């Protein structure tokens, strides 16, 4: 058994086609993301990847929708989203396939 720490990975992305990675693959990528109250991300989309976001804690908004703990959002290619944290929160994110440059600001 080996021990790792998320803080050792770039922006907490720990599986995918990048370094460092626990499992190097271009098929998908996985991250645990942590945010603080009032953190925001501007509207963006992916042209290739589908993104699945699991909300591990609650009180957040994406594109004027509000989500609760354990909700899962599927964001398809070309579908834009943004977010704003209403409390400290974290998510688990899976993107399929892993295309590190596939993020476009709207």
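Within the stretch 68-87, being part of a loop (DSSP other than H, G, I, E, B), in contact with a strand residue (DSSP E or B) (Cβ under 7 Å, 6 or more places away or on another chain) and touching a residue at least 40 places away in the same chain (Cβ under 8 Å) holds for one residue alone: 86.
Entry remark, the stretch 11-46: residues being farther than 12 Å from residue 93 by Cβ and touching a strand residue (DSSP E or B) at 6+ places or on another chain (Cβ under 9 Å) number 18 in total. Applying the criterion of being over 14 Å from residue 100 (Cα atoms) and either surrounded by 13 or more Cβ atoms within 10 Å (Cβ to Cβ) or in contact with a helix residue (DSSP H, G or I) (Cβ under 6 Å, 6 or more places away or on another chain) (or both) to the residues of the stretch 23-39, the residue that is modelled with the highest pLDDT is 32. Residues in the stretch 40-55 that are surrounded by 15 or more Cβ atoms within 10 Å (Cβ to Cβ) and assigned to a loop (DSSP other than H, G, I, E, B): 46, 49.
The values are calculated or read from the model by the stated rules, or taken from the named source; none is laboratory data. Quick caveat, the model's predicted, so the values are computed rather than measured. Every residue, glycine as well, gets a Cβ built from its backbone with ideal geometry; the counts of neighbours run over all protein chains shown.
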